[in-house]
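Participant: Let me begin by handing over the structure; questions about it come next.
The values are calculated or read from the model by the stated rules, or taken from the named source; none is laboratory data. This is a predicted model, so every value here is computed, not measured. Here the Cβ positions follow ideal geometry from the backbone for every residue, glycine too, while neighbour counts run over all protein chains shown.
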């Protein structure tokens with residue numbers, strides 16, 4: 001007899017308790033190797049998601065673009081071969097120029113925090129419209145900070161760019177630097193060291209300062225820009241929209257929270273690594289050039305000119321450029 005109230009109470013509790021989210025597996029590819037700093041940070045992201053979900057979300061993370069090429073990751077996720085893409089939007093500029101402005105906003109923001117601020121203060125809407133066009137959902141960014149240019153001769157300001165021959169990735173960057181009098185040479189990342197060694201180029205846009213040290217560039221050249229100002233790539237987590245929409249609100253919140261932690265840890269980790277590299281390079285006699293506010297403004301103006309040309313290519317590009325310009329004005333980084 002005495003068990004009836006207990007049974008009734010247990011049933012009431014079970015009915016009132018929220019339903020647990022169904023277990024789910026996500027197959028995600030990153031272009032980073034597991035032993036790199038970014039690869040280790042991605043591993044921690046996976047562990048955070050799995051821990052917070054109590055094992056309800058299982059992530060299979062494929063490193064070093066082991067399933068498909070880096071540039072094909074986005075399409076592989078959109079088509080269901082993978083579930084999510086953990087590379088970056090800049091790989092998709094051939095699909096739509098608008099991806100330039102979610103992948104590498106050349107001449108835009110000075111710090112990762114400013115760039116994150118755009119995303120979380122109105123930028124998501126324009127970005128999400130772009131991703132949704134291709135059946136994908138943007139979860140968030142992880143930004144490691146400004147890249148540094150390396151050079152065999154001084155790069156103290158815009159005047160030093162005249163006739164400066166350097167390795168550049170294709171696209172928007174070549175237009176901006178050509179406008180300032182430089183001679184960009186598009187070549188693969190793997191060719192940089194040999195091209196510098198043989199004098200084919202005077203310098204290179206490769207990566208952040210710490211990564212450039214790892215590449216051995218300052219064994220060859222003794223000048224660099226630091227802190228950087230021209231390029232700050234945004235790596236993203238973007239998922240197949242149908243897969244994302246099928247997740248529970250609980251699982252979406254867990255992934256979003258882990259992504260924001262990854263964003264914070266990435267910027268923090270590379271801030272320390274780059275400053276340590278800077279101190280090391282100064283001791284080795286490498287000159288680090290910190291451009292003045294006026295010189296940075298000169299570069300940003302050239303970038304804005306190129307932005308507008310790209311904005312006219314597609315409606316999505318126009319929406320993103322207008323959004324960035326509005327926010328940059330709000331921050332006082334540009335003035336119309």
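Yes/no matrix, rows are residues, columns are (1) more than 30 Å from residue 174 (Cα to Cα); (2) surrounded by fewer than 21 Cβ atoms within 10 Å (Cβ to Cβ):
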{"residue": "240", "(1), (2)": "yes, no"}
{"residue": "248", "(1), (2)": "yes, yes"}
{"residue": "251", "(1), (2)": "yes, no"}
{"residue": "254", "(1), (2)": "yes, no"}
{"residue": "261", "(1), (2)": "yes, yes"}
{"residue": "277", "(1), (2)": "no, no"}
{"residue": "282", "(1), (2)": "no, yes"}
{"residue": "305", "(1), (2)": "no, yes"}
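Participant: Now a separate question. Assess whether residue 58 counts as being surrounded by fewer than 23 Cβ atoms within 10 Å (Cβ to Cβ), in contact with a strand residue (DSSP E or B) (Cβ under 7 Å, 6 or more places away or on another chain) and closer than 16 Å to residue 241 by Cβ.
Facilitator: Details: surrounded by fewer than 23 Cβ atoms within 10 Å (Cβ to Cβ): yes; in contact with a strand residue (DSSP E or B) (Cβ under 7 Å, 6 or more places away or on another chain): yes; closer than 16 Å to residue 241 by Cβ: no.
Taking the combined requirement at face value, the residue does not satisfy it.
Participant: Among the residues of segment 79-88 satisfying the criterion of being in contact with a helix residue (DSSP H, G or I) (Cβ under 9 Å, 6 or more places away or on another chain) and surrounded by fewer than 20 Cβ atoms within 10 Å (Cβ to Cβ), which is farthest from residue 245 (Cα to Cα)?
Facilitator: From segment 79-88, those in contact with a helix residue (DSSP H, G or I) (Cβ under 9 Å, 6 or more places away or on another chain) are 80-88; that's our starting set.
From what is left, the residues that are surrounded by fewer than 20 Cβ atoms within 10 Å (Cβ to Cβ) are 80-81.
Working: 80: 14, 81: 17 Å.
Looking at residues that are in contact with a helix residue (DSSP H, G or I) (Cβ under 9 Å, 6 or more places away or on another chain) and surrounded by fewer than 20 Cβ atoms within 10 Å (Cβ to Cβ), I get 81.
Participant: Are any of the residues in segment 208-215 out of contact with any helix residue (DSSP H, G or I) (no Cβ under 9 Å at 6 or more places or on another chain), assigned by TED's automatic domain parsing to the domain that holds residue 290 and either at positive phi or surrounded by 16 or more Cβ atoms within 10 Å (Cβ to Cβ) (or both)?
Facilitator: Within segment 208-215 (the criterion being out of contact with any helix residue (DSSP H, G or I) (no Cβ under 9 Å at 6 or more places or on another chain), assigned by TED's automatic domain parsing to the domain that holds residue 290 and either at positive phi or surrounded by 16 or more Cβ atoms within 10 Å (Cβ to Cβ) (or both)), the answer is no, since none of the residues qualifies.
Participant: Show me the helices (runs of 4 or more DSSP H) entirely contained within segment 238-336 in which 2 or more residues are under 19 Å from the mean Cα position of the chain (by Cα) and under 21 Å from residue 137 (Cα atoms).
Facilitator: 249-283, 315-331
Participant: Answer with yes or no whether residue 158 is in the same structural domain as residue 298 (by TED's automatic domain parsing), crowded, with 17+ Cβ neighbours inside 10 Å and within 30 Å of residue 95 (Cβ to Cβ). Please lay out each step first, then the result.
Facilitator: Numbers: in the same structural domain as residue 298 (by TED's automatic domain parsing): yes; crowded, with 17+ Cβ neighbours inside 10 Å: yes; within 30 Å of residue 95 (Cβ to Cβ): no.
Against the criterion (in the same structural domain as residue 298 (by TED's automatic domain parsing), crowded, with 17+ Cβ neighbours inside 10 Å and within 30 Å of residue 95 (Cβ to Cβ)), residue 158 does not qualify.
Participant: Residue check, residue 56 against (1) more than 19 Å from residue 139 (Cβ to Cβ); (2) modelled with pLDDT of 95 or more, all met but one. Which one?
Facilitator: That leaves (1) as the condition not met.
Participant: Scan segment 186-195 and tell me whether some residue there is in the same structural domain as residue 160 (by TED's automatic domain parsing), within 23 Å of the chain's Cα centre (by Cα), without any contact (Cβ under 8 Å) to a residue 12 or more places away in the chain and part of a loop (DSSP other than H, G, I, E, B). Full working, then the answer.
Facilitator: Filtering segment 186-195 down to residues in the same structural domain as residue 160 (by TED's automatic domain parsing) leaves 186-195.
Those still in the list that are within 23 Å of the chain's Cα centre (by Cα) too: 186-192.
Filter once more, so that each one left must be without any contact (Cβ under 8 Å) to a residue 12 or more places away in the chain: 188, 190.
Now drop any that are not part of a loop (DSSP other than H, G, I, E, B), which leaves 188.
The answer is yes; a qualifying residue exists.
Participant: Tally the residues that are in contact (Cβ under 8 Å) with a residue 40 or more places away in the chain and part of a loop (DSSP other than H, G, I, E, B), restricting the search to segment 124-168.
Facilitator: 13
Participant: How many residues are closer than 12 Å to residue 167 by Cβ and in a loop (DSSP other than H, G, I, E, B) if we restrict to segment 196-223?
Facilitator: 6
Participant: Hey, another quick one. What single numbered condition from (1) modelled with pLDDT of 95 or more; (2) touching a strand residue (DSSP E or B) at 6+ places or on another chain (Cβ under 9 Å) fails to hold for residue 198?
Facilitator: Single failed check for residue 198: (2).
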